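The values are calculated or read from the model by the stated rules, or taken from the named source; none is laboratory data. Keep in mind it's a predicted model, so treat the numbers as computed, not measured. As a convention, Cβ positions derive from the backbone with ideal geometry for all residues, glycine included, and neighbour counts pool all protein chains shown. For the accessible areas, the whole protein counts, side chains as well, though only heavy atoms, and no ligand, DNA or RNA atoms are used. Shrake-Rupley method; radii C 1.70, N 1.55, O 1.52, S 1.80 Å.
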Amino acid sequence: MVTIPVSIHDIRRAQRADGTAAVLAIGTANPATCISQDDYPDYYFRMTNSEHLTDLKEKLKRQCEASGADKRYFHHTEELIAAHPELLDRAAPSLDARLDIAGAAAPELAASAAEKAIAEWGRPATDITHLVVSTNSSARAPGVDHSLATLLGLRPTVRRTMLHLAGCSAGAASLRLAKDLAENTGGARVLVVCVELNVVAFHGPDEGYPQTLTVQGIFGDGAAAVIVGADAVHGVEHPVFDMVAVSQVVIPGTEHALNMRLTEHGLDGHISIKDLIPLAASNAEDLLSDLFRRQLGLAAGVVVWNDLFWVVHPGSPLILDQFERALRLDPGKLAASRRVLREHGNMLGATLMFVLHEQRRRMGEEGGDGAEWGVMMGFGPGFTIETMVLHCTRPNA
């Protein structure tokens, strides 16, 4: 019989971290091809051999103008689309081709973002203990996580987790998971990477599928990486944001508003803009009040929303406007979200990490508004709202 001289409780305590998980470094990356929103309708209809569809082209122009973006980045080019005409025809099976393209490109783009985060972190990549990768652009095993671990030279013992089809909430969901991993595993250093390539959802214009132009008008490609860990090594690691409290809530009866699925014709789904615009805003205050009450012990009304900084997924300018009005936020409180939307468009799961990166930049380089505490919110299929309370370790640094 084997006798263990310590209790299960003592073993459990020794396995866990002492402190709260924190963001230790952030990196972002985009593909090389950048198209301005003013030029995109001409670019898209030329690339899809659809310039004769003038009514649809005018509709895409209006959507681009209303998107809040000035430019977007893409992996797919005119040459790539010309080499794969099956991507344009909904009647032609194209999933294999899309996944092959994304399977080759996604790890490279993810590595570009991860390498920046690791360089900022200041420790070797072999010190990464956990890898969390989220994407809406791939579905294979071994997948992006395996290829990324190889590209970065991570240890064979790194513990990998993949998240698929979490939509725009993928970044927040990945960070929520990273917080749990870091706090429940002593010494853990979690590399979180979100990578998105819209080639999986690229189609030519079709009057029978109005959702196509909605997708083509707002989404872009990008990757973002965050390193998360608790009990920072003094003098080596420099925490940026403490990850204090988290919640995930699904709003009942809203599955119709936003959903997605992989089909033989690529990534497809449904986006109801008119339903999405009020959903986040109308539920935000109650969800936030509940989170602060349950996890931080603060009664409703004690927290002044304008005293916080905000890291909010910028699905569209109208969603941000509604959110701002619902919480009675001062102008500029969502500046980080609006800038990322303007400079990159909506990059699905990676977008929120870009906003986190931009908020950190604003607080460091521009002084921010002096807020020490903040909230991060991501929105995704379900309709799902992911929330995290953040504490800035170096406000106005």
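Might you let me know whether the range 198-211 holds any residue that is in contact with a Leu (Cβ under 8 Å, 6 or more places away or on another chain), in contact (Cβ under 8 Å) with a residue 60 or more places away in the chain, over 19 Å from Gln63 (Cβ atoms) and not assigned by the TED database to the domain that holds Ala350?
Yes: one or more hits.
Among the residues of the range 104-137, write down those that are part of a strand (DSSP E or B) and either outside the structural domain of Cys194 (by the TED database) or of a type in the set (S, T, N, Q) (or both).
Pass one, the range 104-137, residues part of a strand (DSSP E or B): 130-135.
Answer for the range 104-137, where residues must be part of a strand (DSSP E or B) and either outside the structural domain of Cys194 (by the TED database) or of a type in the set (S, T, N, Q) (or both): Ser134, Thr135.
Quick one: in the range 139-153, which of the residues that are open to solvent by less than 20 Å² (accessible area, probe 1.4 Å) and at pLDDT 95 or above is farthest from the chain's Cα centre (by Cα)? Steps first, answer last, please.
So the first thing to find is which residues in the range 139-153 are open to solvent by less than 20 Å² (accessible area, probe 1.4 Å), and the list is 143-145, 148-149.
In the following step, the residues that additionally are at pLDDT 95 or above were identified as 144-145, 148-149.
Details: Val144: 16, Asp145: 16, Leu148: 18, Ala149: 20 Å.
Within the range 139-153, the match that is farthest from the chain's Cα centre (by Cα) is Ala149.
Return yes when Asp89 is open to solvent by 70 Å² or more (accessible area, probe 1.4 Å) and either without any contact (Cβ under 8 Å) to a residue 40 or more places away in the chain or touching a His at 6+ places or on another chain (Cβ under 6 Å) (or both) and no when it is not.
Working: open to solvent by 70 Å² or more (accessible area, probe 1.4 Å): yes; either without any contact (Cβ under 8 Å) to a residue 40 or more places away in the chain or touching a His at 6+ places or on another chain (Cβ under 6 Å) (or both): no.
No, not satisfied.
Identify the single condition in (1) part of a strand (DSSP E or B); (2) farther than 30 Å from Ala22 by Cα; (3) of a type in the set (A, V, I, L, M, F, W, C) that Ile101 does not satisfy, given that it satisfies every other one.
Failed condition: (1).
Just one of the numbered conditions (1) open to solvent by 20 Å² or more (accessible area, probe 1.4 Å); (2) within 22 Å of the chain's Cα centre (by Cα) is not true of Ala281; which one?
Just one mismatch for Ala281, condition (1).
Out of all the residues in the range 222-242, which are among the β-branched types (Val, Ile, Thr) and crowded, with 21+ Cβ neighbours inside 10 Å? Before you say what the answer is, go through the steps one by one.
First pass over the range 222-242, keeping only residues among the β-branched types (Val, Ile, Thr): 226-228, 233, 236, 240.
Those that are among the β-branched types (Val, Ile, Thr) and crowded, with 21+ Cβ neighbours inside 10 Å: Val226, Ile227, Val228, Val240.
Residue under question is Gly297, and the condition is that it be at pLDDT below 95, open to solvent by 40 Å² or more (accessible area, probe 1.4 Å) and within 16 Å of Gly68 (Cα to Cα); does it hold? Before you say what the answer is, go through the steps one by one.
On the way: at pLDDT below 95: yes; open to solvent by 40 Å² or more (accessible area, probe 1.4 Å): yes; within 16 Å of Gly68 (Cα to Cα): no.
No, not satisfied.
List the helices (runs of 4 or more DSSP H) that sit entirely inside the range 1-71 and contain at least 3 residues that are exposed (fewer than 13 other Cβ atoms within 10 Å of the Cβ).
8-15, 54-66
Hey, Val193 hits all of (1) in contact with a His (Cβ under 7 Å, 6 or more places away or on another chain); (2) crowded, with 24+ Cβ neighbours inside 10 Å but one; which does it fall short on?
Evaluating Val193 over (1) in contact with a His (Cβ under 7 Å, 6 or more places away or on another chain); (2) crowded, with 24+ Cβ neighbours inside 10 Å leaves (1) as the failure.
Right, Phe219: open to solvent by less than 10 Å² (accessible area, probe 1.4 Å) and among the aromatic types (Phe, Trp, Tyr) or not? Outline the logic, then answer.
Working: open to solvent by less than 10 Å² (accessible area, probe 1.4 Å): no; among the aromatic types (Phe, Trp, Tyr): yes.
It is false that Phe219 is open to solvent by less than 10 Å² (accessible area, probe 1.4 Å) and among the aromatic types (Phe, Trp, Tyr).
Of the numbered conditions (1) modelled with pLDDT under 95; (2) among the hydrophobic types (A, V, I, L, M, F, W, C); (3) open to solvent by 10 Å² or more (accessible area, probe 1.4 Å), Phe202 satisfies every one except a single condition; which is it?
(3)
Please identify the pairs in which a residue from the range 177-197 that is part of a loop (DSSP other than H, G, I, E, B) has its Cβ atom under 8 Å from the Cβ atom of a residue that is surrounded by 24 or more Cβ atoms within 10 Å (Cβ to Cβ) and acidic (Asp, Glu), counting only partners at least 6 apart or on another chain.
The qualifying pairs are Leu197/Asp221.
Identify the residue in the range 154-190 that is among the charged types (D, E, K, R) and more than 26 Å from Thr384 (Cα to Cα) and, among all such residues, is most open to solvent (accessible area, probe 1.4 Å).
We begin by selecting, within the range 154-190, every residue among the charged types (D, E, K, R); these are 155, 159-160, 176, 179-180, 183, 189.
Still in the running and more than 26 Å from Thr384 (Cα to Cα): 155, 159, 189.
Values: Arg155: 124, Arg159: 141, Arg189: 7 Å².
It comes out as Arg159.
Report yes if some residue within the range 319-328 is closer than 25 Å to Leu197 by Cα, of a type in the set (Lys, Arg), in contact (Cβ under 8 Å) with a residue 12 or more places away in the chain and in contact with a helix residue (DSSP H, G or I) (Cβ under 8 Å, 6 or more places away or on another chain); otherwise report no.
Restricting attention to the range 319-328, the residues satisfying the condition of being closer than 25 Å to Leu197 by Cα are 319-320.
From the residues that got through so far, the ones that are of a type in the set (Lys, Arg) too are none.
Within the range 319-328, none of the residues are closer than 25 Å to Leu197 by Cα, of a type in the set (Lys, Arg), in contact (Cβ under 8 Å) with a residue 12 or more places away in the chain and in contact with a helix residue (DSSP H, G or I) (Cβ under 8 Å, 6 or more places away or on another chain).
Give Ile118, Ile101 a once-over and let me know the one that is closer than 15 Å to Val226 by Cβ and at pLDDT 95 or above.
On the way: Ile101 fails: closer than 15 Å to Val226 by Cβ.
Testing whether each residue is closer than 15 Å to Val226 by Cβ and at pLDDT 95 or above leaves just Ile118.
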